[in-house]
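Have a look at the structure below before the remarks.
The values are calculated or read from the model by the stated rules, or taken from the named source; none is laboratory data. From a predicted model like this one, the values you see are computed outputs, not experimental measurements. Here the Cβ positions follow ideal geometry from the backbone for every residue, glycine too, while neighbour counts run over all protein chains shown. The area values use the complete protein model at the heavy-atom level, side chains included, leaving out ligands, DNA and RNA. Shrake-Rupley method; radii C 1.70, N 1.55, O 1.52, S 1.80 Å.
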Amino acid sequence: MITITALSAPHGTQTVKADLTSLKTIRRDARGVRPKEAELDRKKLLQLLDSIKPPKQDALSDEAFESIIDAFCTACPHPIQARWLLLDCLDPLSDGELVDRALTMPKASPAE
């Protein structure tokens, strides 16, 4: 088990744990390394967003919240920018606008 702790401006300290044995379920494609189930359509991404909005967000454990964020981001062409858009973007966006922006981002380069 690996634990990574990161400091994010408005969200404070965030800790992510990864079990190395789960890496066998990952595949590499033209968009980088992604879990096999990462292919989600616009409708499913909107459902994920809905599940993390208040007051539903308060019912989720930290692990469940992070899992939903990770599922959303890995389904986007550029997971790192999608995470920023989802958690740190200050622009007021509707759920549809957020999903559309995340899906139209340029693909992440393999070095990222």
Q: Those residues that are of a type in the set (K, R) and either assigned to a loop (DSSP other than H, G, I, E, B) or modelled with pLDDT of 80 or more (or both), I need them from the stretch 50-67; list them, please.
A: K53
(Q) Looking at A18 and the list (1) modelled with pLDDT of 90 or more; (2) open to solvent by less than 100 Å² (accessible area, probe 1.4 Å), which single condition is not satisfied? (A) (1)
Q. Is one or more of the residues making up the stretch 92-107 at pLDDT below 90 and outside any loop (DSSP other than H, G, I, E, B)?
A. no
**Q.** Selected residue (criterion: most open to solvent (accessible area, probe 1.4 Å)) from residues of the stretch 80-112 that are of a type in the set (A, V, I, L, M) and closer than 18 Å to F65 by Cα
**A.** I80
Q: Residue by residue through the stretch 43-79, note down the ones that are of a type in the set (D, E, K, R) and crowded, with 18+ Cβ neighbours inside 10 Å.
A: none
